[in-house]
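Peer 1: Following this message is one structure expressed as structure tokens.
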Amino acid sequence: MEAARCAAPHRTRTRHTTPFQPDMIGPVEILQDARHYLELAAVFCAALSGGLAAVRKSYDVFSVLLLAWVTGLGGGIIRDVLIGATPPVGITSWDLVLTSLLGGLVIQFFHPRLERMRRGITVLDAGALAMFVVVGVDKGLDHGVGPLAAVFVGLITGIGGGLVRDLLVGEPPIVLRERELYAIPATFGAVVTVVLAEQGVLGYATGGAVVVGIFVVRLVSLRMRWRAPGPWQGFGRRRLGT
């Protein structure tokens, strides 16, 4: 019987290798939840920007918390519905929900100081965008979606919460406003993440590099006032909006 057990072929579990699974870097158990921790950080950063949007409109405390939750988890909820990961983590994961509400409470009680730190909030928003894109692609690939769908899933995760936030406060969505480079670096980052995964070289280091790349491009574009080109009107004519 012992000999038969030894002769039996060893079964290995095949799975998609994502930037936050330890098989790329060794059997370090603590790194198994790295994607979740990255998502927590992104949710908190996004929730701060959502709560601040409510405070600027002089909304009550419930509205502050609601906008913090929507901004922090709205993109993830849309993502989970699209890929069939239901019920979405935005309404089932207590730590993600509490993290978004914590961001709202921080804004509720400390907004006079944070209002003077608008550049800091912009940095947090850029960081949330970058982290959400990689987390979104990672989860999409984990659930077996194709490369093209994974790009869309990552993009929606990155911009979804901010899009809903802007609509709720009655402002033009940031993805459409003043031709800012917001969705463009997010889309580029999602494409790069999928390509790395398809080539089998997507790991913690490369996933982190994509996050940094999206983050830097977003901040540099704001600093340099880069804008996406407007509608083309033909050769020898200026584009609309330039």
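The values are calculated or read from the model by the stated rules, or taken from the named source; none is laboratory data. Predicted, not measured: the structure shown is a model, and the values here were computed from it. Using ideal geometry, Cβ is built from the backbone for each residue, glycine included, and neighbour counts are taken over all protein chains shown.
Peer 1: Being touching an Asp or Glu at 6+ places or on another chain (Cβ under 6 Å) and either farther than 21 Å from V89 by Cα or at pLDDT below 95 (or both) narrows it down to one of V135, V191, V211, so name that one.
Peer 2: It is V135.
Peer 1: Residues to consider are F152, F132; find the one that is among the aromatic types (F, W, Y) and in contact with a Gly (Cβ under 7 Å, 6 or more places away or on another chain).
Peer 2: F132
Peer 1: Can I ask one more? Would you confirm whether or not region 219-228 contains a residue that is at pLDDT 90 or above and either touching a Phe, Trp or Tyr at 6+ places or on another chain (Cβ under 6 Å) or under 21 Å from I83 (Cβ atoms) (or both)?
Peer 2: no
Peer 1: Another question about this same structure. Among (1) in contact (Cβ under 8 Å) with a residue 60 or more places away in the chain; (2) under 28 Å from V220 (Cα atoms); (3) surrounded by fewer than 21 Cβ atoms within 10 Å (Cβ to Cβ), where does D138 come up short?
Peer 2: Answer for D138: the failing condition is (3).
To keep it simple, each residue is scored yes or no on (1) closer than 15 Å to G160 by Cα; (2) within 14 Å of the chain's Cα centre (by Cα); (3) at pLDDT below 75.
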| site | (1), (2), (3) |
| --- | --- |
| A4 | no, no, yes |
| T14 | no, no, yes |
| T17 | no, no, yes |
| A42 | yes, yes, no |
| A46 | yes, yes, no |
| Y59 | no, no, no |
| G75 | yes, yes, no |
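Peer 1: If I filter region 175-182 for residues that are within 25 Å of Y37 (Cα to Cα) and surrounded by 18 or more Cβ atoms within 10 Å (Cβ to Cβ), do I get at least one hit?
Peer 2: For region 175-182, residues within 25 Å of Y37 (Cα to Cα) and surrounded by 18 or more Cβ atoms within 10 Å (Cβ to Cβ): present.
Peer 1: Same structure again: Of all residues being part of a helix (DSSP H, G or I) and of a type in the set (V, I, T) in region 78-96, which is modelled with the lowest pLDDT? Just the residue, please.
Peer 2: V89
Peer 1: So, in region 194-208, exactly how many residues are in contact with a helix residue (DSSP H, G or I) (Cβ under 7 Å, 6 or more places away or on another chain), of a type outside the set (S, T, N, Q) and at pLDDT below 95?
Peer 2: Within region 194-208, residues that are in contact with a helix residue (DSSP H, G or I) (Cβ under 7 Å, 6 or more places away or on another chain), of a type outside the set (S, T, N, Q) and at pLDDT below 95 number 7.
Peer 1: Report yes if S58 is out of contact with any Ser or Thr (no Cβ under 8 Å at 6 or more places or on another chain), outside any helix (DSSP H, G or I) and among the polar types (S, T, N, Q), otherwise no.
Peer 2: yes
Peer 1: Working only within region 188-203, note down all residues that are surrounded by fewer than 18 Cβ atoms within 10 Å (Cβ to Cβ), in a loop (DSSP other than H, G, I, E, B) and touching a residue at least 24 places away in the same chain (Cβ under 8 Å).
Peer 2: Answer for region 188-203, where residues must be surrounded by fewer than 18 Cβ atoms within 10 Å (Cβ to Cβ), in a loop (DSSP other than H, G, I, E, B) and touching a residue at least 24 places away in the same chain (Cβ under 8 Å): just G200.
Peer 1: Kindly indicate which of V169, V145 is over 16 Å from the mean Cα position of the chain (by Cα), farther than 19 Å from I83 by Cα and in contact (Cβ under 8 Å) with a residue 24 or more places away in the chain.
Peer 2: That would be V169, the only listed residue that is over 16 Å from the mean Cα position of the chain (by Cα), farther than 19 Å from I83 by Cα and in contact (Cβ under 8 Å) with a residue 24 or more places away in the chain.
Peer 1: Report, ordered by the first and then the second residue, all pairs with beta carbons closer than 6 Å, sequence separation of six or more or different chains, a first member in region 212-235 that is exposed (fewer than 15 other Cβ atoms within 10 Å of the Cβ), and a second member that is of a type in the set (V, I, T) and not in a helix (DSSP H, G or I).
Peer 2: These pairs meet every condition: G230/T242.
Peer 1: Follow-up question, since we're still on this one. Here is a list: R218, R179. Which entry is of a type in the set (D, E, K, R) and touching a strand residue (DSSP E or B) at 6+ places or on another chain (Cβ under 6 Å)?
Peer 2: R179
Peer 1: Could you list all residues from region 78-94 that are without any contact (Cβ under 8 Å) to a residue 60 or more places away in the chain and either buried (at least 20 other Cβ atoms within 10 Å of the Cβ) or among the aliphatic types (A, V, I, L, M) (or both)?
Peer 2: Passing the criteria: D80, V81, A85, V89, G90, I91.
Peer 1: Just checking, does region 176-186 include any residue being of a type in the set (G, A, S), closer than 30 Å to V64 by Cα and touching a helix residue (DSSP H, G or I) at 6+ places or on another chain (Cβ under 7 Å)?
Peer 2: Yes, region 176-186 contains a residue that is of a type in the set (G, A, S), closer than 30 Å to V64 by Cα and touching a helix residue (DSSP H, G or I) at 6+ places or on another chain (Cβ under 7 Å).
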